[in-house]
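Report on one structure; see the data block that follows.
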Amino acid sequence: MTDKAHDPSILNDADTWRSRDLAVLWHPCTQMLEHPGTLPLLPVARGDGAWLVGHDGSRTLDAISSWWTNLFGHAEPRIADAIARQARTLEQVILAGCSHPPAVELAERLLAIAPREAGREPLAKVFYADNGSAGVEVALKMAFHWFRNRGDEPRRTKFVALENGYHGETIGALSVGDIPLYRRIYAPLLMEALFTPSPDAYHARDGQSATGCAEDAADALARLLDDHHGEICALILEPRVQCAGGMRMHDPVFLKRARELCDVHGVFLIADEIAVGFGRTGTMFACEQAGVMPDLLCLSKGLTGGFLPLAAVLATQTIYDGFLDESRERAFLHSHSYTGNPLACAAALASLDIFASDDVLARNLGTAAKMATLAAPLAGHPHVADVRQAGMIVAFELTRDGNRRTPFDPARRIGLHAYRAALERGVLLRPLGDILYWMPPYCIDDEQLALLATTTRAAIGEATACA
Ligand SMILES: Cc1ncc(COP(=O)(O)O)c(C=O)c1O
């Protein structure tokens, strides 16, 4: 029998794959008119650690962990084996009315490692969804429905979100997101949310510290919550880093103040750690850096080590109890066909095992320090206005003259030029506008880090050469 997957006449031709792809595929987050001319399509035959391997054996460094999902490298054998074992045991079962060990064990282990706060009831229940956006929908619906069930505050129907935040693409998640490129066209469809200034330290006034900037944003949040007292069910935010918003980082003091303000106003705090959870910012969860615990915690992306789509929403007992009633309508009737899929849960369990066996967070401290050392010289580049870091995330903000207030004209697409220049040198960067960033798999080694740094410098140089 011919093994088509290993037939070299099929595999060794990247151009054939490109044209077959473009004949039938509609790619996510892509203006398809840009393929193949403006935007190169990278055909990938397989993954190997931090490398994406092409059909001709060429290697490209996955500096963005494939949309921030991959934690320990591609095709990590321990996770692959766990999925294979699970596939031979139980691949899928309806989770309404049925139970299976991977779903139970994963919930137990997530609750055991979830952020805690002295004097606050811990997160106690796990609800599964299939992807990050669906997880956000779950958290928003839970917060809203909880107040409906309680019935004594009919005006509590609104959500507060941060300017420049991102929570996904489904209509509810998009409604609490504030990135015009994704949101504007759908505005007539979206539910109304209240936006409060971002604590983003990049917006600090001259001479103002990141802490001062975060305090200002917290003051603005306090005013908004005062103005809308009794109308808000939840505040949703991305702790520490607004990732899709350009890897913009804020001082943890904002989270502390936001938590206090939510308590004062009886508002739930939803922490969207879909991108920053599982060690990305240095701690297992970013909330830990502020010593706060949310009422609802959204997890996805790295949850399965980057192998399979899965989301988990962790809730307090108080929230869970608010749905217990004789009436079915008061139950949380949200569901997805693949809710709690056993293969995805098995992958997540294997991923948590790796955190423990490989002492990943401790190892990442060393890697993050190396990333800092390699990134530092770029701060002096005439077109780099800011180099910032939170654990395993480093971002470079490109502007016309290295000044924060002089961004490039977006039409010049400097980031896209940098993207192409890096790809030609074997590194997948995929910038956010004119912001380049590193968010590599944790297995990245010294040689790969060095390649990343030299390529980033070269890509910035090439993209800004005529600026
Ligand atoms: C903070 C955050 N929330 C939610 C999402 C949506 O997740 P998904 O793409 O799995 O729907 C993302 C995706 O980038 C994200 O970064």
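Below is a table of values for the structure above.
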quantity	calculated
Label-point gap, in nm, between Lys370 and Asp263 - each point 7 angstrom along Cα→Cβ	4.1
Net charge, Ile460 excluded, C-beta distance under 15 Å - Lys, Arg +1, Asp, Glu -1	+1
Size of electric dipole in region 255-380: Cβ of Lys, Arg +1 and of Asp, Glu -1, about Cα centre, debye, nearest 20	500
Whether region 48-122 is rounded, prolate or oblate, judged on the alpha carbon gyration tensor where a/c under 1.5 counts as rounded	oblate
Projected area averaged over orientations for the chain, convex hull of C-alpha atoms, nm²	23.6
Environment charge of His336, counting only residues whose C-beta is closer than 12 Å and scoring Lys/Arg +1, Asp/Glu -1	-2
Modelled FRET efficiency - R0 35 Å, Ser99 with Thr157, Cβ distances, 0.05 increments	0.55
Label-point separation in nm, Asp359 to Arg59, each point 7 Å along Cα→Cβ	2.7
Three-way shape label, region 169-310, alpha-carbon gyration tensor, a/c 1.5	rounded
FRET efficiency, 1/(1 + (r/R0)^6) with R0 60 Å, evaluated for Leu111 and Glu447 via beta carbons	0.95
Potential extension, Gln208-Thr38 segment - 0.36 nm per residue separation minus Cα distance	57.2 nm
Extension gain (nm, one decimal) between Arg46 and Gln92, 0.36 nm per residue minus Cα-Cα	14.0 nm
Förster radius 25 Å - calculated FRET efficiency between Thr170 and His228 (Cβ-Cβ, nearest 0.05)	0.55
Square roots of five times the Cα gyration tensor eigenvalues for region 139-184, Å	25, 10, 7
Helical contribution to [θ] at 222 nm, DSSP H n ≥ 4, -39,500 (n - 2.57), averaged over the chain, rounded to 500	-11000 deg cm²/dmol
Residue pairs, from the table Lys141/Lys256; Lys158/Lys370; Lys158/Lys256, whose Cα atoms sit over 32 Å apart	Lys158/Lys370
Mean separation of Cα contacts under 8 Å (6+ apart) over length of the chain, as relative contact order %	19
Ala84 versus Leu333: modelled label distance in nm, points set 7 Å from Cα along the beta carbon direction	4.3
Prolate/oblate/rounded call for region 122-163, Cα gyration tensor, a/c under 1.5 rounded	oblate
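We did not get these values from a lab; they are worked out from the coordinates using the rules stated. Since the structure is predicted, the reported quantities are computational estimates derived from the model, not experimental observations. So basically every Cβ, Gly included, is an ideal-geometry build from the backbone, and we count neighbours across all protein chains shown.
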